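Here's the structure, in structure tokens; my notes come after.
The numbers here are math on the coordinates, done by the rules we state, and not lab data. As the structure is a computational prediction, the values presented were derived from the model and not from experiment. Backbone-built Cβ (ideal geometry, glycine too); neighbour counts: all protein chains shown.
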Amino acid sequence: MSEEFSLLGSDGSIDPSFWRGLTQRRLSRRNVLKAAGAGAGASLLWGEMAGASLPNAKVGTPTWWKKQKVHHVVNFANWPLYIDVLNGKHLSLEQFTKTTGIKVNYYEVIEDNASFYAKIRPSLAAGQYTGYDVVVMTNNNPELGYLFENGWVVPLDHKLMTNFNRYAGPLVKNPSWDRGNKYTMAWQSGWTSVAYNAKHVKDPGDSIQILFDKKYAGKVGMLSDPFELGSAGLLAIGVEPFSSTEKEWSKAAKKLQQQRSDGIVQAYYDQSYIQHLKNGDTIVSQCYSGDIFQANLNSKYKDLTLMYPREGLMLWTDNMCIPLYAQNPLDAMKLMDFYYSPMSQAVVEYYNDYICPVPSARQQLLHPTGWDAAALKKMAPSIGLPTSVTAKAPTVFPSGRLVSLSKNYYPFKTQEEINTWTNLFLPIIQGA
């Protein structure tokens, strides 16, 4: 039997992931990811971030950080619908200002990594302030790597990461894309997995091989993102994407090409895959986890089911970082670490329901002990569910098994590697 996502929590109540924007913000992001991030105009040393050279080697050193002063303002760029909100206000940001005296200008301006990178790149290249002191970028897209390689992010002051060092969970502490958290602190995470329609798929099993099963020929949807497609192919041949080789990429491409040649694939979809799954054009599909949760809100789509394949789920993480030339880096550090307080995360997760970077926030949701108690109580009428439901949701606080199933994307080391990858997987999508 496959381990499936259940609509009901352990207390019999509906999981909150079905109710709010678990991946609403992902709609535009997934549409615009381009094959190789080629427009960025830089080679990508994605696997060697820690060795990136800063334009000013003194920036981010202990001596540099000691000279920084609190300016009582911080400009925070994030994705839409990605932080707690009540009547147009963000209770967590208000608490941060109340306790620190730092005003937060919060901008929901990141619709996708590529376009936001294109927006801030000219300023960074010119040695100018981007207008933001904290930005949120994703580890499975090339743009975060471009920022690292060009030295356009400020190394963090770990002495100011008290909450992070104490409370950060295993999925985000010392991550493969930023060893030692030299530059980043995770904001939230999510999964790319497999979904199926239980009305038509009676014995799904628990393997990604369902995507390659000929009995579903013409009814399988695959993603048109070459990074996601290639990663699925690698999992299907039993290879960890993170540690894969170019030879293994070729084997994965052959399996995916055979899948296409066998007539198994209905089409390679962007975000529209979810509509085709709803319509019944496909009955098995690659998916973004939250889309399935959202679909289940409607009783018409209750048969759409998220699978946790034994080969693994691809884990992506949105990361907070400080762009070079930030005017308020010390204020930024204080803000970033504030969100690693279990109380802060409890409030954010009650609204968001992504994979929480702070496991101990679960206890705060069950038994709030500080300012979060009042905030959660205020939010409850609009959320419509008890905080215990969020606390017990496996999509927010995954079990040890789900943590172990979470896989990292390949850490590209050169632009040539990106070109090799896309030259293998993009032609499959395009039908070449």
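Points worth noting:
- Calculated log₁₀ intensity ratio I(q)/I(0) where the Debye formula runs over C-alpha points of the chain, q = 0.06 Å⁻¹: -0.24
- Here the gap between Ser382 and Ala198, fully extended at 0.36 nm per residue and compared with their Cα-Cα distance, gives a gain of 63.1 nm.
- The label point for Arg401 and the one for Ile237, both projected 7 Å from the Cα toward the Cβ, are 2.9 nm apart.
- Annotation: the antiparallel percentage among DSSP beta bridges lying fully within the stretch 191-314 is about 60.
- Backbone HN-Hα couplings from phi across the stretch 330-338 [Karplus 6.51/-1.76/1.60, Hz, Gly and Pro as x]: 5, 4, 5, 4, 5, 5, 4, 6, 4
- Bridgeable lysines around Lys407 (alpha carbons under 23 Å apart, same-chain partners fewer than 8 residues away excluded): Lys34, Lys173, Lys182, Lys247, Lys251, Lys254, Lys255, Lys392.
- Additional length obtainable on full extension of the chain from Lys247 to Thr100, 0.36 nm per residue less Cα span: 47.7 nm
- When peptides 379-386, 89-96 are sorted by average Cβ neighbour count within 10 Å, with the highest value leading, the order is 89-96, 379-386.
- Extended-chain gain in nm, criterion 0.36 nm per residue less alpha-carbon gap, Gln275 and His72: 68.5 nm
- Shown for the stretch 191-314 is the translational diffusion coefficient from the Stokes-Einstein equation, using the Kirkwood radius over Cα pairs, a temperature of 25 °C and a viscosity of 0.890 mPa s: 172 µm²/s.
- Between the C-alpha center of the stretch 135-198 and that of the stretch 71-109 there is a gap of 20 Å.
- Relative contact order of the stretch 225-332, taken over Cα pairs closer than 8 Å and 6 or more residues apart, is 19 percent.
- Computed from label points 7 Å out along Cα-Cβ, the spacing between Asn419 and Leu366 is 5.4 nm.
- Straight Cα distances below 12 angstrom link Lys278 to the aspartates and glutamates Asp291, Asp303, with same-chain residues fewer than 8 positions distant left out.
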